[in-house]
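Read through the structure below, which is laid out as C-alpha cells, and then see the notes.
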C-alpha cells in the first residue's frame, strides 16, 4: 500500500469480508437466542447486513474495485469468540445477555470500520460514496442502540438471578 486510495480499497474489502462473514454467523445468533424480541432484532439485522453487503458491492463497482479476496481477521475472531460463548452451558437469560454482548462487539467493530472508510472517502473526494457508507454507519449505530436498550431495559436484569 502506497497511497490513501490503496488503504481505502483495503478498508472496503475488509468491510465486505466482515459483512459476508456476519451473514453466515447471524443465523446462529437467531437460533441460540431464547428471547423472541432478541431473535427478531438478530433476524432484522441479518436482512440489514445483506443490504450493507450489496451497498458495498455498489461502492466497489463505482470505484472499479473487486471487493472479494480478503479475509477480515478481526471479524473472524469476533465470530469465533461468539461461537465459543454459544457452546458454553448457561442459563437462558444469561445466554441472551451474553449474545447481546457478543453482537455489540461486532457492531462496535463495524462502526469503527465504516467511520474510517467514510473519512477516507471524504478525503479522497468521493462524496457520494461517503454518503452511501454513512447510511450503513447509521444503521450499525441503530442496531447497537436496539441491542443496548434490550440489555438495559430487560435482558440483563433477567440474567441477575
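Being over 21 Å from residue 113 (Cβ atoms), over 13 Å from the mean Cα position of the chain (by Cα) and surrounded by 20 or more Cβ atoms within 10 Å (Cβ to Cβ) is true for just one of 38, 12. Which residue is that?
Only one candidate passes the filter, namely 38.
Restricting to the range 42-56, name every residue that is over 22 Å from residue 115 (Cβ atoms) and crowded, with 19+ Cβ neighbours inside 10 Å.
The answer is 42, and nothing else.
Filtering the range 121-152 down to residues that are touching a helix residue (DSSP H, G or I) at 6+ places or on another chain (Cβ under 9 Å) and not in a helix (DSSP H, G or I), which residue is farthest from residue 5 (Cα to Cα)?
Checking each candidate, the answer is 126.
Looking at residue 71 and the list (1) modelled with pLDDT of 95 or more; (2) loosely packed, with under 12 Cβ neighbours inside 10 Å; (3) assigned to a loop (DSSP other than H, G, I, E, B), which single condition is not satisfied?
The one condition residue 71 does not meet is (2).
Just a yes or no: is a residue in the range 60-68 assigned to a helix (DSSP H, G or I) and either in contact with a strand residue (DSSP E or B) (Cβ under 6 Å, 6 or more places away or on another chain) or under 22 Å from residue 144 (Cβ atoms) (or both)?
No, the range 60-68 contains no residue that is assigned to a helix (DSSP H, G or I) and either in contact with a strand residue (DSSP E or B) (Cβ under 6 Å, 6 or more places away or on another chain) or under 22 Å from residue 144 (Cβ atoms) (or both).
Within the set of pairs 6+ apart or on separate chains, which have a first residue in the range 86-97 that is on the phi > 0 side of the Ramachandran plot and part of a loop (DSSP other than H, G, I, E, B), a second that is surrounded by 13 or more Cβ atoms within 10 Å (Cβ to Cβ) and modelled with pLDDT under 90, and C-beta atoms under 9 Å apart?
Filtered contacts from the range 86-97: no entries.
Pairs under 7 Å by beta carbon, first residue assigned to a loop (DSSP other than H, G, I, E, B) in the range 15-40, partner surrounded by 20 or more Cβ atoms within 10 Å (Cβ to Cβ), six or more apart or different chains?
Listed by first residue and then by second, the contacts come to 33/42; 33/96; 33/99; 34/95; 34/96; 35/96; 35/155.
Have a look at 106, 59 and point out the one that is closer than 17 Å to residue 38 by Cα, surrounded by 13 or more Cβ atoms within 10 Å (Cβ to Cβ) and in contact with a helix residue (DSSP H, G or I) (Cβ under 8 Å, 6 or more places away or on another chain).
106 is the lone residue from the list that is closer than 17 Å to residue 38 by Cα, surrounded by 13 or more Cβ atoms within 10 Å (Cβ to Cβ) and in contact with a helix residue (DSSP H, G or I) (Cβ under 8 Å, 6 or more places away or on another chain).
The values are calculated or read from the model by the stated rules, or taken from the named source; none is laboratory data. Computed from a predicted model, the values in this text were never measured in an experiment. Every residue, glycine as well, gets a Cβ built from its backbone with ideal geometry; the counts of neighbours run over all protein chains shown.
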